[in-house]
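Written out below as structure tokens is the structure these notes cover.
The values are calculated or read from the model by the stated rules, or taken from the named source; none is laboratory data. Every value quoted in this text rests on a predicted model; they were computed, and no experiment measured them. Here the Cβ positions follow ideal geometry from the backbone for every residue, glycine too, while neighbour counts run over all protein chains shown. The protein model used for the area step is the full one, side chains on, heavy atoms only, and it has no ligands, DNA or RNA in it. Shrake-Rupley method; radii C 1.70, N 1.55, O 1.52, S 1.80 Å.
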Amino acid sequence: APIVRLEGVGKTYQTGAVAVEALKEVNLDVFAGDFLAIMGPSGSGKSTLMNILGCLDRPTAGRYLLDGQDVSTLDDRQLARIRNKKLGFVFQNFQLLPRIDAIANVELPMLYAGLGGKERRRRAEEALARVGLAERMGHKPNELSGGQKQRVAIARALVNQPLILLADEPTGNLDSKTSVEIMEIFQALNAEGTTVIIITHEPDIAAYARTHVTCRDGRAALRRGDA
Ligand code: ADP
Ligand code: ADP
């Protein structure tokens, strides 16, 4: 069974008298171990699709089954729980807390999940080592380069062993050499079995994915196969 199944998913934003149909009849299956890139021009529905996949927003039509569970009708609190338990997020602007060091940033999702201090520390060290940042654990975000910040963010996204790693323009603030390094980390994680979904404008970045979804005017076209 797919870990993600979208069935006829639609999303309409209602702003006063104006309705914008951001997604129309989207059907999509994502399987464990897949590496998916969501592409498409500005305004085509990528963010809306990502927000729904990431349980940050609900569809206004159709169903979303995540790991077999219908999450389309959950309330905000239930969605927040699912996000923390099942999903890991990486953002273009890293979204690290500036006042605490790398390892404390990585420990945060485990704090919310209620894990004990020793277990948090152990898993955070392991995750930072996995992204090649074992030597920078005590550094605060402003003492790290962009690529190092994104490594911290990836480590943070991994520590609760998510079903899916979701990354929204993860290389959007990085130079091309650093972008390659970051994409190689996603590639290595995917090779170890992590399911990865990224949004990107850039064909060079999308080329790391195995499955491509192209959004256009709220519709999503899927293409499977080797990049
Ligand atoms: P991206 O850079 O990923 O294409 P956008 O600029 O489309 O993102 O959107 C950024 C944020 O603003 C998203 O959370 C999106 O839902 C929201 N947004 C986009 N268009 C509108 C709009 N017309 N009215 C209100 N919010 C919007
Ligand atoms: P993309 O990420 O591909 O740029 P979005 O999903 O942000 O596309 O937007 C798709 C369409 O929905 C656009 O027409 C956008 O203006 C509109 N939209 C996105 N978010 C909102 C919102 N919160 N309120 C109203 N319209 C929105």
Task: Answer from 74, 115, 111 - the residue that is surrounded by fewer than 20 Cβ atoms within 10 Å (Cβ to Cβ), part of a helix (DSSP H, G or I) and without any contact (Cβ under 8 Å) to a residue 24 or more places away in the chain - done: 111
- [ ] Take the stretch 161-190 and flag every residue that is over 22 Å from residue 207 (Cα atoms) and out of contact with any strand residue (DSSP E or B) (no Cβ under 7 Å at 6 or more places or on another chain).
- [x] 161
TODO: Scan the stretch 1-41 for residues that are of a type in the set (Phe, Trp, Tyr), open to solvent by 10 Å² or more (accessible area, probe 1.4 Å) and in a strand (DSSP E or B) and report the count.
DONE: 1
Task: Candidate set: the stretch 143-200, residues that are among the hydroxyl-bearing types (Ser, Thr, Tyr) and within 16 Å of ligand 1 (Cβ to nearest atom); chosen: the one nearest to residue 68 (Cα to Cα) - done: 200
TODO: Note down all Cβ pairs under 9 Å where the first residue falls in the stretch 42-64 and is outside any loop (DSSP other than H, G, I, E, B) and within 12 Å of ligand 2 (Cβ to nearest atom), the second is among the aromatic types (Phe, Trp, Tyr) and open to solvent by 50 Å² or more (accessible area, probe 1.4 Å), and they're at least six residues apart or on different chains.
DONE: 48/13
Open item on the list: Given the criterion closer than 23 Å to residue 210 by Cβ, surrounded by 18 or more Cβ atoms within 10 Å (Cβ to Cβ) and at pLDDT 95 or above, identify the matching residue among 165, 133.
Closed with: 165
Open item on the list: Testing residue 174 on (1) at pLDDT 95 or above; (2) more than 20 Å from residue 46 (Cβ to Cβ); (3) not acidic (Asp, Glu), one condition comes back false. Which one is that?
Closed with: (2)
- [ ] Specify the residue that is nearest to residue 3 (Cα to Cα); the eligible residues are those in the stretch 53-62 that are in contact with a strand residue (DSSP E or B) (Cβ under 6 Å, 6 or more places away or on another chain) and open to solvent by less than 70 Å² (accessible area, probe 1.4 Å).
- [x] 54
Task: Residue check for residue 150: within 18 Å of the chain's Cα centre (by Cα) and open to solvent by less than 30 Å² (accessible area, probe 1.4 Å) - done: yes
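Would you call residue 65 over 14 Å from the mean Cα position of the chain (by Cα), open to solvent by 20 Å² or more (accessible area, probe 1.4 Å) and closer than 15 Å to residue 86 by Cβ?
yes
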Task: So residue 84, is it open to solvent by less than 80 Å² (accessible area, probe 1.4 Å) and either more than 16 Å from ligand 2 (Cβ to nearest atom) or acidic (Asp, Glu) (or both) - done: yes
